[in-house]
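Visitor: Starting off with a structure, shown below.
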Amino acid sequence: MIRTRAAARCRRGAVLALPGFWVAGVVVWELLSPLGIHFVQLLAAAPAIACAGSGRRQCVLLGGACALFALVPLGSAGRADPAMRLGTCCAVLAVVAAAWLTSHRRLRLTRELERLREIAATAQHAVLRPLPPRLDGLTLAGGHRSASEGALLGGDLYEALATRHGVRLVIGDVRGHGLPALGTVAALLGSFREAAHDEDGLPGVLRRMERAFHRHLGDRASGQSPPSGEDFATVLMLEIGAEGEVTALNCGHPWPHRLAGDGGRTPGVRAEVLSSGDPLPPLGMFPLPAEPPVRRLTRLLPGEVLVLHTDGVEDARDAAGRFFPLTRALTEAAAGAPVVPAAVVDRVRAAVLRHTGGVLTDDFALLALRNDRHRVPDRTPHGPLARTCPYG
């Protein structure tokens, strides 16, 4: 941080000093030139440099000084025609006027751009709201990165809600990335936020999201040809019950990872994929079946962590074309005790950017949650209690 500020101050100092060095160089060159060549005309560039690099006030001050230097006979310019010196002075003043007007327009456009960026950032944060740090005994963290320059969000989505049915989560990925996909993300998230509280089961939530998805595609294609089968969205929904049981409904999305103790002699955390059969096709490709299969994934014990992600993480490649090693990165990110979801998200996100050299071809999102409930009792008759949470 200190180095960054020092570098910024050095850059500002260089920008402010450059026009002065230009004027000094032209004057010295004019005084020392033995060839009778006039260099004083080069002073006209100084106000333009000042306006481009600093501000209008310095432009005017430096322009006035340059105009005076042009009128004063210096070196070989002293033998020049007074009309030539006057013409140089007028040229300098013309550059000052043009630079003043250009700088005024540039400042106005800069303020408008900053305002538009602020509005866009507010709108995008309203679509993908920050996750609460804690939700019904779970510690949460999320992160995302858009592949489109200037966009905070893209085609990835996630949300977590505490409902009367348990904590319900969704993570998804719509076709495309960047700002063009933001409308579809908003439609899916809006539907999930409403249906997660109303519907008794995950299939009902998924059907509501499917209807919202098709309505959005229909509205977007109004007056044009019908939506093609190329528009789709992958969706993974989870429901975490009071006793840590995790059920899932998956439409073409990557399965989550669990970070838990490896059970060996040496303490450590390992990452494992919680796969439960083949997922359904993504939304929009085929109609949903009459009874979408809800699968029981696992039982999340206290202190264990679930990590949900989009395929932009697994599909990230380096310069040699190698895919990002997500399982290994999760194991490395979970080093230390306790495993902190925010740290896992930050470390994996940084690892993806290092792996790709900062060049992303697809958006990616991560969501991590840790069970911080004190106990997860076993409902089986005479079953033992799960181990006590070390973080409670």
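Visitor: Ala290 to Phe21: FRET efficiency via 1/(1 + (r/R0)^6), r the Cβ-Cβ distance, R0 51 Å, to the nearest 0.05?
Guide: In this case the efficiency is close to 0.05.
Visitor: With each pseudo-label sitting 7 Å past Cα toward Cβ, what's the Arg129-Asp311 distance in nm, one decimal?
Guide: Between Arg129 and Asp311, the label points sit 3.0 nm apart.
Visitor: Starting from the amide H of Asp315, placed 1.01 Å from N in the peptide plane, find each other amide H under 5 Å away whose residue is 5 or more places distant or on another chain.
Guide: none
Visitor: Using 7 Å Cα-to-Cβ label points, what is the Ala337/Thr110 separation (nm, one decimal)?
Guide: Label at Ala337, label at Thr110, 5.4 nm between them.
Visitor: Please arrange Ser148, Ser103 by accessible surface area, largest first, computed with a 1.4 Å probe and ligands excluded.
Guide: Result of the area sort, largest leading: Ser148, Ser103.
Visitor: Between Ala121 and Asp219, what FRET efficiency comes out of the Förster formula 1/(1 + (r/R0)^6) with R0 = 25 Å and r the beta carbon distance, rounded to 0.05?
Guide: Efficiency, from the Cβ-Cβ distance: 0.50.
Visitor: Would you list Trp255, Trp100 from the most to the least accessible area, probe 1.4 Å?
Guide: Largest to smallest exposure gives the sequence Trp100, Trp255.
Visitor: From the phi of every residue in the range 301-307, what ³J(HN,Hα) in whole Hz does the Karplus formula 6.51 cos²θ - 1.76 cosθ + 1.60 yield, where θ is phi - 60° and glycine or proline is x?
Guide: 7, x, x, 7, 10, 9, 10
Visitor: Could you derive backbone 3J(HN,Hα) for the range 108-122 from the dihedral phi with the Karplus parameters 6.51, -1.76 and 1.60 (θ = phi - 60°), listing whole Hz in sequence and x where the residue is Gly or Pro?
Guide: Once θ is set to phi - 60°, the couplings for the range 108-122 become 5, 5, 5, 5, 5, 5, 5, 5, 5, 5, 5, 5, 5, 5, 5 Hz.
Visitor: Can you list residues whose amide H is under 5 Å from Glu245's amide H, if they're 5+ apart or on another chain and H is modeled 1.01 Å from N?
Guide: So Glu245 has HN proximity to Leu300.
Visitor: Here is a follow-up. Can you list the HN-Hα couplings for the range 187-195, worked out from phi with the Karplus curve (6.51, -1.76, 1.60; θ = phi - 60°), rounded to whole Hz and with x for Gly and Pro?
Guide: Coupling constants for the range 187-195: 5, 5, 5, x, 5, 5, 4, 7, 6 Hz.
Visitor: Taking the mean number of other Cβ atoms within 10 Å as a proxy for protection, how do you rank 361-370, 278-287 from highest to lowest?
Guide: The packing order, highest mean first, is 361-370, 278-287.
The values are calculated or read from the model by the stated rules, or taken from the named source; none is laboratory data. On a predicted model such as this, the values are computed, not experimentally measured, just so you know. Here Cβ is always computed from backbone atoms with ideal geometry, including for glycine, and neighbour counts include all displayed protein chains. Heads up: the accessible areas ignore ligands, DNA and RNA and are worked out on the full protein's heavy atoms, side chains in. Shrake-Rupley method; radii C 1.70, N 1.55, O 1.52, S 1.80 Å.
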